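K.L.:
What follows is a single structure, and I will ask about it in a moment.
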Amino acid sequence: METHRLICHPDTPARTVRGIDVELVRKPGALWLRYYIDGVLDALALPPPATAVRKDGLWQTTCLEAFVRDSAGEGYREFNFSTSGEWAAYSFTSYRDGMEQLPLKFGPEISLDVSDSHLALEATIPVEPGDYRFALSAVIEETDGTKSYWALVHPSGKPDFHHPDCFALHLIAPDNA
């Protein structure tokens, strides 16, 4: 298991979130992710529980994200996970180009654990064996409308999770894959 700390974009400081960590585990045909948000949860704008279905526009409020790119190519996939249980999945042919709904063998399996001081969202997504680059990110909205943008790496300028520099995590296929 690997744990990675997300960094808040300097132009969008959070008021109540102290940190976000993401754990990853490769499984046969899948990737398990656990986003752990440490902060004052009463101050977060969290959508109410909903049916676990595909839904567009999740990134407009609190949303946890994973971008997956084959190490050798420009195309990538984007997964969005809402604390409501809703999700989205897209494919792109290159940087912000050729966006389409991503067909999946199975929808992400999402579970949530919430307390007064933390929120943990677990998601399992289909990922075939191979060498991949990942961009892990989060949009956090607070009840007063404050939005903060978190990622492994931020390129200069405004927050842009699709930027090639954000794909900072490289996972090599296991030998037995």
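K.L.:
Evaluate region 1-115: find the radius of gyration of its Cα atoms, find its Kirkwood radius, and give the ratio Rg to Rh.
P.N.:
Rg/Rh for region 1-115 comes to 0.95.
K.L.:
Of ILE172, ILE125, which has the most accessible area and how do the rest follow, probe 1.4 Å?
P.N.:
ILE172, ILE125
K.L.:
Classify region 55-129 as rounded, prolate or oblate from the Cα gyration tensor: take a ≥ b ≥ c as the square roots of its eigenvalues, call it rounded if a/c is under 1.5, otherwise prolate when a/b beats b/c and oblate if not.
P.N.:
It is prolate, given that a/c is not under 1.5 and a/b is the larger ratio.
K.L.:
Compute the accessible area per residue over the chain, keeping the other protein chains in place, probe 1.4 Å, unit Å².
P.N.:
Per-residue value: 48 Å².
K.L.:
Give me a comma-separated list of calculated 3J(HN,Hα) values for region 53-58, in order, Karplus coefficients 6.51, -1.76, 1.60 applied at θ = phi - 60°, integers in Hz, x for any Gly or Pro.
P.N.:
10, 5, 8, 7, x, 4
K.L.:
Now for a different question. Report ³J(HN,Hα) in whole Hz for each residue of region 96-102, in order, from the Karplus equation J = 6.51 cos²θ - 1.76 cosθ + 1.60 where θ = phi - 60°; Gly and Pro get x.
P.N.:
6, 10, x, 5, 9, 4, 8
K.L.:
Sorted by packing (mean other beta-carbon atoms within 10 Å per residue), highest first, where do 20-30, 51-61 land?
P.N.:
Highest-to-lowest ranking by the protection proxy: 20-30, 51-61.
K.L.:
Can you tell me which lysines have their Cα less than 21 Å from the Cα of LYS55? Leave out same-chain residues fewer than eight positions away.
P.N.:
Leaving aside lysines fewer than 8 places away in the same chain, those within reach of LYS55 are LYS105, LYS147.
K.L.:
Could you state the per residue volume, in Å³, of the convex hull enclosing the Cα atoms of region 64-177?
P.N.:
Spelled out: Cα convex hull of region 64-177, divided by residues, is 134 Å³.
K.L.:
For region 1-45, what mean projected area does the convex hull of the alpha carbons give, in nm²?
P.N.:
If you wrap the Cα atoms of region 1-45 in a convex hull and average its projections, you get 4.1 nm².
K.L.:
If you don't mind, another one. Might you report the magnitude of the Cβ-based charge dipole of region 74-125 about its Cα centre, with Lys and Arg at +1 and Asp and Glu at -1, to the nearest 20 debye?
P.N.:
I would put it at about 180 debye.
The values are calculated or read from the model by the stated rules, or taken from the named source; none is laboratory data. Worth saying up front: this structure is predicted, and the values here are computed from it rather than measured. For neighbour counting, all protein chains shown are included, and Cβ atoms are generated from backbone atoms with ideal geometry for every residue, glycine included. The protein model used for the area step is the full one, side chains on, heavy atoms only, and it has no ligands, DNA or RNA in it. Shrake-Rupley method; radii C 1.70, N 1.55, O 1.52, S 1.80 Å.
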